[in-house]
Amino acid sequence: MGAKLEYQGLTTDDLANIHALNQSFLKAIAGSAAEAFGVIASRRLTDPQLLRLAGVPFLLFSFREHDSDYWQRVLADSPQFDLIDSGNPPAENIAQLQVAGLGFLWQLVRRNPYAARIVSGASVSWCQRIAGLTLVSFMQSAASRGDLLRRRFPDEETVWRRLLEDGISPKQQTRLASHHSALQALLTRAPELRHSTVSAAACRIRDSKV
């Protein structure tokens, strides 16, 4: 019988980076009218509330990890990088967030792909493809695209309503219950993670106190 595979959880540093990236995302979209950011951009949260929301144990934004056709075009050997196709260049704060977020996911995919899948909901195939790239080629292909960044749960207003209510509560237990519920929603929307050891391991994540 083979050795049992142990899930390697998120480290304290991983969570700190996730929270920092989430804070940058929330700051970048504050007051944005962009449809892609929806309800989250329309809310006016206090600084303490923003910190609590940023404390979820996953990325609040998406790099379209499940859009295989999109990433096929982005990572093509000879990509037709057209400004019309890629959207307008992102604002400076979004561009900086994309560089930081992609860099974080790239190193996490190579070091701990299970954790990368939990924090981003990414598929195995996406992680495998990213892991095969150098950081430089990955950044050159994707970091400056204007059509890359999206909010997490784009079609799940119920998840966001709970995050924007209980998820910013000053009561820690209320807040953590909301955060972990959203994490489970993320995993159940990623077919490859359903009923897996990764999904079960996610139940044990306890993020830092915010």
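The values are calculated or read from the model by the stated rules, or taken from the named source; none is laboratory data. It should be emphasised that the depicted structure is a prediction, and the values quoted were computed from it without experimental measurement. Using ideal geometry, Cβ is built from the backbone for each residue, glycine included, and neighbour counts are taken over all protein chains shown.
Laid out as a table, the results:
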{"read-out": "Members of the stretch 157-171 that are assigned to a loop (DSSP other than H, G, I, E, B) and either in contact with a strand residue (DSSP E or B) (Cβ under 9 Å, 6 or more places away or on another chain) or surrounded by fewer than 16 Cβ atoms within 10 Å (Cβ to Cβ) (or both)", "value": "165, 169, 170, 171"}
{"read-out": "Residue satisfying all of: in the stretch 30-46; assigned to a helix (DSSP H, G or I) and within 15 Å of residue 164 (Cα to Cα); modelled with the highest pLDDT among these", "value": "37"}
{"read-out": "Which listed residue, of 117, 110, 52, is closer than 21 Å to residue 189 by Cβ, assigned to a helix (DSSP H, G or I) and modelled with pLDDT of 90 or more", "value": "117"}
{"read-out": "Tabulated pairs, the stretch 66-93, first within 20 Å of residue 25 (Cβ to Cβ) and among the polar types (S, T, N, Q), second modelled with pLDDT of 65 or more and exposed (fewer than 14 other Cβ atoms within 10 Å of the Cβ), C-beta under 9 angstrom, 6+ apart or interchain", "value": "93/27"}
{"read-out": "Selection status of residue 26, at pLDDT 90 or above, assigned to a helix (DSSP H, G or I) and farther than 13 Å from residue 151 by Cα", "value": "no"}
{"read-out": "Residues being of a type in the set (D, E, K, R) and farther than 25 Å from residue 182 by Cβ - total across the stretch 121-151", "value": "2"}
{"read-out": "Conditions (1) touching a strand residue (DSSP E or B) at 6+ places or on another chain (Cβ under 8 Å); (2) modelled with pLDDT under 80; (3) more than 20 Å from residue 156 (Cα to Cα); number of the one not met by residue 77", "value": "(1)"}
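One line per residue, one yes/no per condition, for (1) at pLDDT 90 or above; (2) under 15 Å from the mean Cα position of the chain (by Cα):
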site	(1), (2)
86	no, no
94	yes, yes
97	yes, yes
128	yes, no
136	yes, no
148	yes, yes
